[in-house]
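All remarks here apply to the structure that follows.
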Amino acid sequence: MTAGRGWIVIALTIFALWNPMRAIVGAFLFGGIFVLQYLLQPLGISPNFLAMLPYLATLLVLLVGGLRDRRRLNAPAMLGEPYRRGER
């Protein structure tokens with residue numbers, strides 16, 4: 001249903017690190033790579049290679065994100081904890 005772009009959204013979430021401004025920058029980055037495909041096609045570059053560019057960028061972002069220091073994630077403290085009404 002998403003034409004394979006679901007994996008790119010997951011990479012964007014990892015890239016953003018709970019920061020909305022990073023999410024906006026990442027969305028423009030990945031969107032720009034999709035636009036770049038159409039700009040490079042008239043130059044004679046293989047369409048198969050160009051279709052692969054967004055996914056290569058996704059792998060690169062995931063690789064760089066995996067090499068980061070885990071203490072800098074700044075994730076919410078209760079992430080993954082079930083919510084029970086009335087408990088704290």
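The values are calculated or read from the model by the stated rules, or taken from the named source; none is laboratory data. What you see is a predicted model; the values in this text were computed from it and never measured. Cβ placement follows ideal geometry from the backbone for every residue including glycine, while neighbour counts extend to all protein chains displayed. Calculation scope for accessible area: heavy atoms of the full protein, side chains included, ligands and nucleic acids excluded. Shrake-Rupley method; radii C 1.70, N 1.55, O 1.52, S 1.80 Å.
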Answer from 80, 86, 65 - the residue that is surrounded by 12 or more Cβ atoms within 10 Å (Cβ to Cβ) and at pLDDT below 90: 65
Report, by residue number, each residue of the stretch 22-42 that is open to solvent by 70 Å² or more (accessible area, probe 1.4 Å) and free of Cβ contacts under 8 Å to residues at least 12 places away in the same chain. 24, 25, 28, 35, 38, 39, 41, 42
Residue pairs meeting the criteria (Cβ under 7 Å; at least 6 apart or on separate chains; first free of Cβ contacts under 8 Å to residues at least 12 places away in the same chain, in the stretch 1-21; second outside any loop (DSSP other than H, G, I, E, B)): 16/22; 16/23; 16/26
Look through 32, 65, 26 and report the one residue that is assigned to a helix (DSSP H, G or I) and over 25 Å from residue 79 (Cβ atoms). 32
